[in-house]
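Before any comments, here is the structure.
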């Protein structure tokens with residue numbers, strides 16, 4: 001919001017330099033983005049107004065804040081006719097009936113509409129008015145249009161002017177657009193309207209998009225002799241939706257969609273008519289018409305001294321509370337515990353007692369509040385255990401060399417369709433673009449985009465993971481851990497270069513995650529359309545699949561901007577399912593072993609299609625409790641090995657917590673293991 005300092009000083013006699021004013025207001029929530037000197041000691045202050053403060057998007061609104069900050073009263077520039085507390089005296093008008101009929105068809109979308117007719121002579125506006133508009137970044141057009149923009153800047157009320165001669169039936173109807181109705185707006189664009197959009201129309205056609213922009217067919221030109229001034233209050237949600245759907249953002253829509261003041265349109269109309277006479281641009285004809293069927297009453301809030309003390313940690317004197325709130329135009333009625341406060345309708349951001357306390361804190365000075373711990377009247381609720389679990393998994397993944405990524409929860413339909421059926425996707429009703437059309441059914445599309453982004457920047461070794469939510473119609477919202485790995489599977493070493501990542505690397509990560517979540521999981525063969533056949537597996541716990549991992553199918557990698565010749569390994573684990581699977585597992589701590597271990601190696605011939613996990617399961621079932629570790633260390637297939645067979649070598653480690661094992665103990669265990677392998681897998685010891 002760009003404001004000329006001299007214009008602001010017509011509202012409040014603020015002392016000091018522009019820099020001093022900027023510093024004072026910045027500590028009260030209005031940062032100044034820039035100060036632009038314009039000569040004669042004057043300057044343009046560019047205030048940053050947050051979206052919740054549409055009341056401050058005007059000279060008078062900021063003057064009210066400045067006056068409260070400095071403990072001053074709002075003033076009028078004597079005899080100026082364009083003062084900051086504007087002269088709203090009603091200009092004399094003919095007693096004849098109005099030349100225009102206003103019909104309010106949609107009071108829910110337009111609760112208030114004020115209109116007035118005036119005879120005008122269109123010409124350039126005075127130099128002082130043009131200078132103030134230009135300082136605020138608005139291009140002067142003509143005296144009539146400039147008056148509407150001047151009132152917009154001064155009071156914060158958007159206005160519009162129609163050429164009365166262009167209105168069929170001399171009628172204004174505030175209604176919703178008809179299906180397929182078209183309108184050429186003032187920017188020269190032909191726009192097709194939809195039935196949920198509010199328009200300002202005459203007896204036959206639309207003449208403006210309500211709260212957004214006027215129409216070219218009814219605009220004021222040099223030939224205009226009679227105008228209709230419009231000053232209204234429009235439903236913020238309606239204006240926001242219309243502005244977004246049309247891709248049209250204006251100074252008017254920015255104020256209406258954030259919440260204008262429903263009690264300001266009449267004040268703005270009288271101000272505009274006063275300016276019309278002051279600059280010699282015309283004179284009102286007939287009465288002001290005010291359609292306001294359901295008047296909005298100001299809200300009333302309770303403000304307690306004890307609540308102020310409890311939130312701010314310091315007692316604020318009653319006189320200070322009264323000065324601050326009355327300076328901001330709140331009305332206070334004292335009671336035993338504090339005040340009953342009437343909130344001005346312009347303050348759409350003040351809806352609770354804490355909002356009033358925030359206003360007190362802003363102008364009392366946040367730097368004046370002591371640093372104290374708040375009083376605790378009850379024990380804080382326990383933290384969500386999922387937060388601790390997420391921290392633990394982040395530690396596991398970063399220890400494995402992965403970097404955390406945070407990607408969008410919205411993805412394109414094409415990217416999502418790879419990981420879910422079309423009927424299972426959750427569409428966005430109002431997507432920002434086609435790239436954000438559906439909620440992600442998996443975290444992998446975002447990770448694939450991140451991997452492709454890094455590969456385009458010559459990064460070869462990429463390890464990314466993400467913990468986040470995924471969405472589907474069938475499963476709803478579920479948390480998942482996903483990761484992607486491409487490039488080196490191990491660091492370079494002087495004995496040889498780094499090897500590429502393979503299936504067993506991503507398998508180790510999946511098992512490490514399961515271990516961290518205390519899930520007794522096994523790996524089983526699995527087929528997934530987006531994983532390469534033969535290089536995919538599932539992580540299963542208690543008969544429930546909790547995750548999948550493997551190499552991304554080359555065709556899928558290509559569709560996500562990656563090279564089909566480059567192996568990308570991915571994993572996704574359903575954290576909700578994994579937590580249920582590990583819910584009954586207790587974390588136990590065992591002392592370091594006191595007795596030595598004994599190792600035995602065996603090599604067996606088995607079918608090449610036999611999974612190593614099946615061999616492990618057989619050994620674990622047949623061996624005594626003294627078996628503490630099984631490790632496969634060699635797999636051979638070739639010369640000396642029958643067709644369809646492989647040689648599998650395993651190292652078994654035995655240890656007893658009570659005594660040192662004898663050779664007889666170990667041999668007995670080995671005999672039991674070999675007997676079971678022969679019986680269940682036709683294994684032959686080599």
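The values are calculated or read from the model by the stated rules, or taken from the named source; none is laboratory data. The model shown is predicted, which means the values in this text are computed figures rather than measured ones. Because the Cβ atoms are built from the backbone with ideal geometry, glycine has one as well, and the counts that use them run over all protein chains shown.
Touching a strand residue (DSSP E or B) at 6+ places or on another chain (Cβ under 7 Å), without any contact (Cβ under 8 Å) to a residue 40 or more places away in the chain and under 17 Å from residue 112 (Cα atoms): does that describe residue 209? Judged against the criteria, residue 209 is a match. When region 669-684 is filtered for residues that are touching a residue at least 24 places away in the same chain (Cβ under 8 Å) and closer than 22 Å to residue 597 by Cβ, the ones remaining, listed by number, are 669, 670, 672, 673, 674, 676, 677. Which number in (1) at pLDDT 95 or above; (2) in a strand (DSSP E or B); (3) surrounded by fewer than 13 Cβ atoms within 10 Å (Cβ to Cβ) marks the one condition that residue 108 misses? That leaves (2) as the condition not met. Being touching a residue at least 24 places away in the same chain (Cβ under 8 Å) and in a strand (DSSP E or B) is the filter; apply it to region 492-530 and report the residue that is nearest to residue 400 (Cα to Cα). Restricting to residues being touching a residue at least 24 places away in the same chain (Cβ under 8 Å) and in a strand (DSSP E or B), the top hit is 500.
In region 461-486, of all residues being touching a helix residue (DSSP H, G or I) at 6+ places or on another chain (Cβ under 9 Å) and assigned to a loop (DSSP other than H, G, I, E, B), the one that is surrounded by the fewest Cβ atoms within 10 Å (Cβ to Cβ) corresponds to 474.
The rows are residues; the columns are (1) assigned by TED's automatic domain parsing to the domain that holds residue 343; (2) at pLDDT below 95; (3) assigned to a helix (DSSP H, G or I); (4) surrounded by 14 or more Cβ atoms within 10 Å (Cβ to Cβ).
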{"site": "231", "(1), (2), (3), (4)": "no, no, no, yes"}
{"site": "238", "(1), (2), (3), (4)": "no, no, yes, yes"}
{"site": "256", "(1), (2), (3), (4)": "no, no, yes, yes"}
{"site": "269", "(1), (2), (3), (4)": "no, no, yes, yes"}
{"site": "273", "(1), (2), (3), (4)": "no, no, yes, yes"}
{"site": "303", "(1), (2), (3), (4)": "yes, no, no, yes"}
{"site": "311", "(1), (2), (3), (4)": "yes, yes, yes, yes"}
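Each residue in region 173-188 was checked for being loosely packed, with under 14 Cβ neighbours inside 10 Å, touching a strand residue (DSSP E or B) at 6+ places or on another chain (Cβ under 9 Å) and in a loop (DSSP other than H, G, I, E, B), and 2 pass. Here is a check on your reading of the model: is residue 475 at pLDDT below 90 and under 13 Å from residue 506 (Cβ atoms)? Considered against the rule, which asks whether it is at pLDDT below 90 and under 13 Å from residue 506 (Cβ atoms), residue 475 comes out as no.
Listed here are the residues, each with its yes/no results for (1) modelled with pLDDT under 90; (2) in the same structural domain as residue 360 (by TED's automatic domain parsing); (3) surrounded by fewer than 17 Cβ atoms within 10 Å (Cβ to Cβ).
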residue: 17; (1), (2), (3): no, no, yes
residue: 81; (1), (2), (3): yes, no, yes
residue: 87; (1), (2), (3): yes, no, yes
residue: 114; (1), (2), (3): no, no, no
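Kindly indicate which of 341, 350, 354 is at pLDDT 95 or above, in a loop (DSSP other than H, G, I, E, B) and outside the structural domain of residue 63 (by TED's automatic domain parsing).
One residue alone meets the criteria, 350.
Restricting 405, 412 to residues that are under 18 Å from the mean Cα position of the chain (by Cα), modelled with pLDDT of 90 or more and more than 16 Å from residue 560 (Cα to Cα) narrows the list to 405. Here residue 652 meets the list (1) surrounded by 14 or more Cβ atoms within 10 Å (Cβ to Cβ); (2) touching a helix residue (DSSP H, G or I) at 6+ places or on another chain (Cβ under 9 Å); (3) closer than 26 Å to residue 507 by Cβ; (4) at pLDDT below 95 almost entirely, failing just condition (4). Scoring residue 605 on the criteria (1) part of a loop (DSSP other than H, G, I, E, B); (2) outside the structural domain of residue 470 (by TED's automatic domain parsing); (3) under 30 Å from residue 637 (Cα atoms) leaves a single failure, condition (1). The one condition from (1) touching a strand residue (DSSP E or B) at 6+ places or on another chain (Cβ under 9 Å); (2) surrounded by 16 or more Cβ atoms within 10 Å (Cβ to Cβ); (3) within 29 Å of residue 590 (Cβ to Cβ) that residue 667 does not meet is (2). Any idea how many residues of region 628-659 are touching a residue at least 60 places away in the same chain (Cβ under 8 Å) and either in contact with a strand residue (DSSP E or B) (Cβ under 9 Å, 6 or more places away or on another chain) or assigned to a helix (DSSP H, G or I) (or both)? The number of residues fulfilling the criteria is 1.
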